[in-house]
Amino acid sequence: MRKNGVPYGVPFVSGSGTSEAAAVSMFEKAQTDALRVFRFVQSRGPGGATDYEIEQALGMLHQNASARRNGLVKEGYVCDSGSTRQTGSGRQATVWVCGAGGEVVGPENDRCVRPTKTQIAEALGTIRQLLDFVRPLGGPKLTESLRVVGTWLRWIERH
């Protein structure tokens with residue numbers, strides 16, 4: 001989409017020819033990067049992803065990854081889950097999930113609506129499969145998996 005002859009969604013400094021030219025040249029890449037960011041966040045399911053995780057997984061610079069994620073938030077494709085997670089620097093960061101907010105189903109998001117019976121049955125089936133898979137492994141993987149299972153079960157109980 002274009003606005004005043006310039007690709008909409010790629011910011012530029014009004015009146016600056018070089019800034020406008022950069023916006024035009026970035027339009028296609030920005031769209032591709034936005035799709036990559038969306039697909040990555042989507043692939044993480046209700047656990048979502050922080051900007052740091054997006055950057056690391058996709059090999060993007062922070063300013064590019066956060067700009068594309070910001071655009072997805074403005075368009076309603078991604079929203080704040082209400083949770084935070086630690087980054088590589090040890091700081092807490094917002095966890096982003098797919099959806100416009102209020103409709104996202106997830107264990108750590110009290111702002112979401114109750115899942116359907118089918119969604120609950122599918123989630124519990126997945127949890128059973130996960131437990132069957134990781135039980136023989138033991139160690140940190142099992143501990144983390146059981147933590148996630150506990151989070152889901154507490155969420156289901158509250159709702």
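Assess whether residue 104 counts as being hydrophobic (A, V, I, L, M, F, W, C), in contact with a His (Cβ under 9 Å, 6 or more places away or on another chain), at pLDDT below 90 and within 30 Å of residue 151 (Cβ to Cβ). Here the answer is no, as residue 104 does not meet what is asked. Go through region 13-63 and give me each residue that's of a type in the set (S, T, N, Q) and surrounded by fewer than 18 Cβ atoms within 10 Å (Cβ to Cβ). 14, 16, 18, 19, 25, 31, 32, 42, 43, 56, 63 - these are the residues of region 13-63 that are of a type in the set (S, T, N, Q) and surrounded by fewer than 18 Cβ atoms within 10 Å (Cβ to Cβ). If you go through region 39-55 and keep only what is within 26 Å of residue 127 (Cβ to Cβ) and of a type outside the set (A, V, I, L, M), you end up with 39, 40, 42, 43, 44, 45, 46, 47, 48, 50, 53. Contact map, region 50-77: first residue in contact (Cβ under 8 Å) with a residue 40 or more places away in the chain and assigned to a loop (DSSP other than H, G, I, E, B), second residue among the β-branched types (Val, Ile, Thr) and crowded, with 20+ Cβ neighbours inside 10 Å, Cβ cut-off under 7 Å, separation 6 or more or different chains; pairs are 50/95.
The values are calculated or read from the model by the stated rules, or taken from the named source; none is laboratory data. Being a predicted model, the structure only gives us computed values, none of them experimental. Glycine gets a Cβ as well: all are built from the backbone with ideal geometry, and neighbour counts include every protein chain shown.
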